[in-house]
Amino acid sequence: MNALEQFNEVVGKLERGEIRVAEKQAGNWVVHAWIKEAILAGFRAGTLTDMSQGQFSFFDKDDLPVRRFTLEDRVRIVPGGTSVRCGAFVAPTVIIMPPAYVNIGAYVDEGTMIDSHALVGSCAQVGKRVHLSAASQLGGVLEPAGALPVILEDDVFVGGNCGIYEGTIVQEAAVLASGLILTRGTALYDATSGDFVPKTPDGRTVVPAGAVVVSGSRPLAKGPGREAGIQLYTPVIVKYRDSKTDAAVELEQLLR
């Protein structure tokens, strides 16, 4: 089997949800590097071709078409400029508002809403009943092949204009307030305990299950910046999810 044949086989299995780039095993997220390697080989094997439609011009590799959906897929894609690339799994009952983009290798589970101008980057993993509010972005990662992608577990709520990048893990039922940025270098402070949330052994930021996170800041510890009163951006866990928080995030059900 040549690289293109292997790529097409992997893409088909990804779209059907038979395989996924990352999955939880024994409580830990693991990445299947061979899947990303097959995707990268497909990028190299394809030939640039004209995919223009009507008045719109598109040029991409011929083995990377936009996914085609049918009514049997039970995915609600509202008209208005949304694209889902081949090799992305989108489960039945997912809602995608326009315009949005879901890239190759992504996994979007049942009951999730992807709102307008939202991005699900390459290989990002999104659980059940997640809400990605307008203009939120999940960073993508294909290289290095062994790098864990951005992961949102079940029942996560992501506020508008959030950016989650560099393999950040948001555990189940966490709530991210609008405008949050989370990266590998982000220091996450837990105001309920008075401590910074420890990173994983490989330096990854992890938002704990049920955490409600808002934007905050902290002063520089030393140097001229401290004397000048300079602050560093620091997301802050202000509480953990309760009945009031649940009532607020459940408002999205009115849109389903």
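The values are calculated or read from the model by the stated rules, or taken from the named source; none is laboratory data. Being a predicted model, the structure only gives us computed values, none of them experimental. Quick reminder, even Gly has a Cβ in these numbers, built from the backbone with ideal geometry, and neighbours come from all protein chains shown.
Among the residues examined, ILE181 does not qualify as touching a strand residue (DSSP E or B) at 6+ places or on another chain (Cβ under 8 Å), buried (at least 18 other Cβ atoms within 10 Å of the Cβ) and touching a residue at least 24 places away in the same chain (Cβ under 8 Å).
Residue count for the range 140-166, restricted to those that are over 19 Å from ILE19 (Cβ atoms), touching a Ser or Thr at 6+ places or on another chain (Cβ under 8 Å) and in a loop (DSSP other than H, G, I, E, B): 6. The residues of the range 155-211 that are charged (D, E, K, R) and within 13 Å of the chain's Cα centre (by Cα) amount to a single one, GLU166. With respect to the stated conditions, SER116 fails to be of a type outside the set (A, V, I, L, M), out of contact with any Asp or Glu (no Cβ under 9 Å at 6 or more places or on another chain) and buried (at least 22 other Cβ atoms within 10 Å of the Cβ).
Of the residues making up the range 192-210, none is touching a residue at least 40 places away in the same chain (Cβ under 8 Å) and part of a strand (DSSP E or B). Residues of the range 1-16 that are surrounded by 13 or more Cβ atoms within 10 Å (Cβ to Cβ) and in contact with an Asp or Glu (Cβ under 9 Å, 6 or more places away or on another chain): LEU4, PHE7, ASN8, VAL11, GLY12.
Among the conditions (1) part of a loop (DSSP other than H, G, I, E, B); (2) at pLDDT below 95; (3) surrounded by fewer than 18 Cβ atoms within 10 Å (Cβ to Cβ); (4) not aromatic (Phe, Trp, Tyr), LEU64 misses just one, which is (3). When GLY111, GLY42 are checked against the criterion of being surrounded by 15 or more Cβ atoms within 10 Å (Cβ to Cβ), in contact with a helix residue (DSSP H, G or I) (Cβ under 7 Å, 6 or more places away or on another chain) and either in contact (Cβ under 8 Å) with a residue 12 or more places away in the chain or hydroxyl-bearing (Ser, Thr, Tyr) (or both), GLY42 stands alone in meeting it. Close Cβ contacts (under 9 Å, 6 or more residues apart or on different chains) running from residues in the range 8-32 that are over 19 Å from PRO201 (Cβ atoms) and at pLDDT 95 or above to residues that are of a type in the set (Asp, Glu) and in a loop (DSSP other than H, G, I, E, B) comprise VAL11/ASP63; GLY12/GLU18; GLY17/ASP109.
Taking the stated definitions as given, is GLU72 modelled with pLDDT of 95 or more, more than 27 Å from GLY167 (Cα to Cα), of a type outside the set (Lys, Arg) and part of a helix (DSSP H, G or I)? Against the criterion (modelled with pLDDT of 95 or more, more than 27 Å from GLY167 (Cα to Cα), of a type outside the set (Lys, Arg) and part of a helix (DSSP H, G or I)), GLU72 qualifies.
Suppose we keep only residues that are part of a loop (DSSP other than H, G, I, E, B) and either among the basic types (Lys, Arg) or in contact with a Pro (Cβ under 8 Å, 6 or more places away or on another chain) (or both) within the range 222-239. Which one would you say is surrounded by the most Cβ atoms within 10 Å (Cβ to Cβ)?
Only one residue tops the list, namely ILE230.
Based on this model, can you work out whether GLU143 counts as closer than 30 Å to PRO98 by Cα, charged (D, E, K, R) and at pLDDT below 95? Considered against the rule, which asks whether it is closer than 30 Å to PRO98 by Cα, charged (D, E, K, R) and at pLDDT below 95, GLU143 comes out as yes.
Can you confirm whether ALA187 is in contact with a strand residue (DSSP E or B) (Cβ under 6 Å, 6 or more places away or on another chain) and not in a strand (DSSP E or B)? The answer is yes for ALA187.
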